[in-house]
């Protein structure tokens with residue numbers, strides 16, 4: 001009887017172990033998988049070890065953050081990158097959609113979020129409060145409705161036109177540079193229409209409120225693919241002040257997460273995950289060879 005009972009207990013234990021293994025193979029919790037003995041996890045500030053989660057903020061900005069029909073589900077480059085970083089650090093990652101860059105910045109400083117993946121321009125001013133991890137570059141593009149009557153066939157034609165863009169984004173700076181170029185040719189300034197998110201800027205152009213939409217070139221390509229034959233785009237030139245801007249993830253300095261997050265970026269570059277994700281979204285042209293930390297302040 002005792003032998004039979006022992007055999008039964010062993011069988012139940014083996015069955016329970018098998019069930020647990022099957023479940024973990026489908027959806028492994030990074031915090032469980034990478035916590036103990038994970039050198040990156042061990043370097044995390046204590047609050048992240050305790051919570052087991054890093055909270056990201058992000059506005060709706062395809063292809064970086066694509067908000068599902070339920071208003072909650074987020075897919076896109078950001079989600080894939082964050083999951084890859086979370087696996088390296090042995091924590092879960094969460095993302096909350098906020099209404100634009102100012103909300104993301106103020107939310108991080110208030111402690112509601114731990115990071116913002118941008119892409120946002122790395123500047124010396126931002127580096128005073130945030131660690132900036134550069135993970136891509138970009139050129140500014142202007143999405144133009146094919147049905148519009150503004151006559152924009154090249155970036156030169158943007159002088160005197162209305163351009164919608166996200167408030168506080170890199171596009172706002174680019175429009176200032178473009179306006180300076182226009183002034184040098186005795187042409188009227190570009191009128192910038194600042195809105196909360198990318199979806200709003202596209203709607204502004206489709207409704208005729210704006211003549212074009214300023215955004216990263218990768219975002220312009222994604223918008224054109226989503227609404228075939230609705231748009232074309234032009235690209236700002238170096239002469240017009242475009243250049244190639246470095247775009248970064250921002251992490252509040254006060255939390256101590258930035259340097260560890262930078263090391264996690266180094267690891268996904270080394271293990272091929274970064275290259276795989278950038279290739280999946282067709283962003284090879286704006287990928288960088290290696291991540292960089294706080295480059296603007298050193299210039």
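The values are calculated or read from the model by the stated rules, or taken from the named source; none is laboratory data. Source: prediction; values computed, not measured. Counting neighbours? That spans all protein chains shown, and the Cβs are built from the backbone with ideal geometry, glycine included.
Couple of notes before you dig in:
- Residue in region 193-208 that is outside any helix (DSSP H, G or I), touching a residue at least 40 places away in the same chain (Cβ under 8 Å), farther than 26 Å from residue 136 by Cβ and in the same structural domain as residue 149 (by TED's automatic domain parsing) present: yes
- Exactly one residue out of 104, 69 is more than 24 Å from residue 279 (Cα to Cα) and within 12 Å of the chain's Cα centre (by Cα): that is 104.
- Within region 275-299, the set of residues being in contact with a strand residue (DSSP E or B) (Cβ under 8 Å, 6 or more places away or on another chain) and at pLDDT 95 or above comprises 275, 291, 292, 293, 294.
- Scanning region 240-274 for residues that are within 22 Å of residue 221 (Cβ to Cβ) and in contact with a strand residue (DSSP E or B) (Cβ under 7 Å, 6 or more places away or on another chain) yields 242, 244, 245, 246, 247, 248, 249.
- Qualifying positions in region 64-81 - in contact with a strand residue (DSSP E or B) (Cβ under 9 Å, 6 or more places away or on another chain) and more than 14 Å from residue 99 (Cα to Cα): 64, 68, 73, 74, 75, 76, 77, 78, 79, 81
- The residue that is surrounded by the most Cβ atoms within 10 Å (Cβ to Cβ), among those in region 49-66 that are within 14 Å of residue 107 (Cα to Cα) and within 10 Å of the chain's Cα centre (by Cα), is 56.
- Every residue from region 123-144 that is more than 13 Å from the chain's Cα centre (by Cα) and surrounded by 21 or more Cβ atoms within 10 Å (Cβ to Cβ): 130, 131, 140, 141, 142, 143, 144
- Members of region 106-142 that are under 23 Å from residue 51 (Cα atoms) and modelled with pLDDT under 95: 117
- Output for region 230-254, where each listed residue is closer than 17 Å to residue 55 by Cα and either surrounded by 20 or more Cβ atoms within 10 Å (Cβ to Cβ) or in the same structural domain as residue 202 (by TED's automatic domain parsing) (or both): 248, 249, 250, 251, 252
- Members of region 238-272 that are touching a helix residue (DSSP H, G or I) at 6+ places or on another chain (Cβ under 6 Å) and assigned to a loop (DSSP other than H, G, I, E, B): 240, 241
- Residue 104 being assigned to a helix (DSSP H, G or I) and surrounded by 18 or more Cβ atoms within 10 Å (Cβ to Cβ): yes
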